[in-house]
Structures are given as structure tokens and as C-alpha cells.
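Notes follow once the structure below has been shown.
Please treat every number below as a calculation from the coordinates, not as lab data. In this text the structure is predicted, and so the values were computed from the model without any measurement. Cβ placement follows ideal geometry from the backbone for every residue including glycine, while neighbour counts extend to all protein chains displayed.
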Amino acid sequence: MTCYRISITRIGSTMCLVIVMFLWILTISRGDTEVSCVFMTTCILPCTFQGNTRGVYIHWMHLSEGHPLVYLYYGNKDQLRTQDQQFRSRTSLFQDQLSKGNASLQLTGVQVQDEGRYSCYISTINTEKDSFINLKVHTPVKVSIQHAGNRITCSSEGIYPKPELTWSTRPPSKVSFKNTTTVEQTKQQLYNINGSLIASLNESDRVYSCTMSTQRNWRRASLRQLREYDLSYELGNEVESCLLLNTETHALDLHRSTSCVGCSSIPGICSTFFCVVSASVTGSFTETTIPCPSFNTSPTSLIWRFLNRAILEKTGSGSNYTVSKEWKQHVKAVSELGSLTLLGLSSEKEGIYTCEISNVEEMLINYTIIRISQGKGIYVASF
């Protein structure tokens, strides 16, 4: 390291000292160990040393205002009389591993105020070492999305660090949506966030998504806009039918044709119509499968509801799921991707079915209306 001399020796030595200290601080900062821990979990702050453990002295300190004592060990035992109140009954060393040079600190019930830089100073009869650990605290991001009328609400509670909420639509909309967002901080320094958006009633089959993101992770919740059509019609047992919307008059028609597939228009047959939703009607109507548009991979969580009351819940990628008592006689199976097969539906089971499906990063809510034509069949409309 080079120190530049100037004509006055005392000032020159002072200048040299400032430069040395400045470079030393930069070197230590670059060598910090980064540790990220989840709020209210147990966290390990690593610290190791080499050499004889005889006469070992271990001093953990939080480099915040006042430099509170986190942990002190010497004389072959803990010395915690002057430990800062913030860390009382929450810290420990792996004392059975001290002989292996492990002086890591275990911190339980991690709080937001635990975040920051820590110093681990170790001294033995033949070595001396100072290590620095930078602790970051975060919480998993959970998102709830709901709708009432044309208002869609997205919210999350207990988030850290401070989150950001953004809205998007699929497909993209040309309309500018009015939205508001409020953020509050709790006594635990966590954040609650709530956002709402006024959806356009003139746009059908549109997915609204809100993304909740922090510096460390993000999660998205999506909701497919619900439009309810109350129809009366008769269906034959072997006819595949399409519900069609006239783009000029906005009247709804039912077109019977096996060529209407994939919710696309039928050139030459009904050029002024496009398909809103399709229903394939076959069999005796004693068995009904409701699709749940999902991801390309198996979901980590699946919840089916009828009129906001739980039908079943499934977690993980396995085949096990829990069915509510009311629906045990009706639930036949759930596919790997989330589709629900029901048996023996009667008119009392007519209404809105909700599929809430999630993977590691995203949640999608899909609404399905089931209309049961007495003695005729079941009409399934997904939105």
C-alpha cells in the first residue's frame, strides 16, 4: 500500500492513516458474507476459524447504532450478562463444533430489526480473525385476488421488504384502467398492501393479473373476467355445440356444429359471430368434467369452490386431495392439471364454480358457470 508524503510530517502521517483505514474498510466490505433469512425462522450466521481452541474468545456484534452485543464466549462458557435485550434467549453457538473451528451463530425467530451487518471476532492463543456477515430478512410473498362487480382487488399482508404492485392483462388492453394502491407498515415493520382496479365491462375473456414484487421475490395472481349468460336451450346427446356472440347485435346464439372447436369463428357458416365458449355434450349427463385452465406443469396447490364454499383442496404434485363432506358423493376425480370430474349433479348444484390453482410463482383463478337444463343436460361455460 502506498502513502503519499507531504511537507508537514504530522499531517502527512495523518493523511496516510486515513488512506489506510479507508482502504481497509473497502476490503472488508467486499469480503462480507451475504445471508438471507425468512422472517420468524431460524437463521445461521457463518463464522469459522483455524488453530487451537484453547483460550478461544468469540465476540458477535451487530454493527448498528450502539454496536449491541449479540453473543460472547470465553473461558469455555457463554458470557451473556451484557447481551443486548434484542437478542436475549434467541442466540446460541454450536459448542460441540467449536473444536472443529465452527463459531457460527444460530439466531431464532428472525425479526426485521435483526437485518444488517454483523461482526464475528475470534481470538485464540495463536490466531486472530474478524469476519463480517450481512443479514437480509424477507418474507414469502402471498397474494389474494377477488372481484365484486367490475372492481378487482389484489392484496397481500405481512411482506418485507416493501412490495410493489403492478397490474397487467392478457391479452393486452387498449383501455386505461383506473387503479389505486395503498401501503401500510405494521409494528413489526412488515408491509400490508392493497390495490384495486376498475375492469372494463365491455371486454370479455380477458385475464387480469396483479404482480406483487419485492427486491428478493415476486408472485402473481390472475383472474379471468366473469360474464354470466342465462340461456335456455335443448341439446341432443351427440351434438357438440358452441355459444356464439353476434359482433353486430351482441345477441347470443347457440350454433350446433361439430366444426366449431377451439372457440374460434366458423368461416362461411357464421362470419359475424365468434365463439365465446364451447360445450361438448355427450353421454347420460351423470358425469361432468369442469376444466381448470392452468400451467404447463403440475400445480403446487389447487382449490375448487362452489359459490365460495370449498369442494376440495390439493397440495403438492401428488394425487392426494381433501374433499369436503358435502361433496364426497359428487367428486369422482381430479386430473394432474386440475380438471374436476363430478357425479350426479342436480339443480341445487347449478351456479358458479371457482378453480384456484397455483405454482411456485403464480396463482390463477378461473370461474365456470354450470347451468343444468332439467331433463336435457348440463351446460358448462368457462370464463
Ascending count of other beta-carbon atoms within 10 Å, so fewest first, for His330, His67:
His67, His330
Cα Rg over Rh - the stretch 31-138, Kirkwood:
0.94
Relative to the present Cα-Cα distance, how much length would full extension add between Glu361 and Asn192 at 0.36 nm per residue of separation?
58.9 nm
Nearest 0.05, what FRET efficiency do Ser144 and Ala333 give at R0 = 25 Å with Cβ-Cβ as r?
0.35
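I'd like the FRET efficiency for Ser173 and Gln85, computed as 1/(1 + (r/R0)^6) with the beta carbon distance as r and R0 of 56 Å, rounded to 0.05. Don't jump to the answer; show the numbers that get you there.
On the way: r = 53 Å, r/R0 = 0.95.
Efficiency, from the Cβ-Cβ distance: 0.55.
Do any of Lys178/Lys314; Lys136/Lys187; Lys136/Lys314; Lys178/Lys349 go past 25 Å between their Cα atoms, and which?
Values: Lys178/Lys314 35 Å; Lys136/Lys187 19 Å; Lys136/Lys314 33 Å; Lys178/Lys349 36 Å.
Beyond 25 Å: Lys178/Lys314; Lys136/Lys314; Lys178/Lys349.
By how many nm would the segment from Phe132 to Lys77 grow when fully extended, if each residue of separation counts as 0.36 nm and the alpha-carbon distance is taken off? Provide the component values of the computation, followed by the final result.
Working: separation 55, 0.36 × 55 = 19.80 nm, distance 2.28 nm.
Using 0.36 nm per residue and subtracting the Cα-Cα distance, I get 17.5 nm.
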How large is the Rg to Rh ratio of the stretch 144-224 when both quantities use alpha carbon positions and Rh follows Kirkwood?
1.00
At what distance in nm do the modelled label points of Gln95 and Thr48 sit from each other, each positioned 7 Å from its Cα along Cα→Cβ?
2.3
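Based on the mean of other Cβ atoms within 10 Å per residue, sort peptides 173-180, 308-315, 297-304 so the most packed one is first.
Values: 173-180: 10.6, 308-315: 15.1, 297-304: 18.5.
Those peptides, ordered most packed to least, come out 297-304, 308-315, 173-180.
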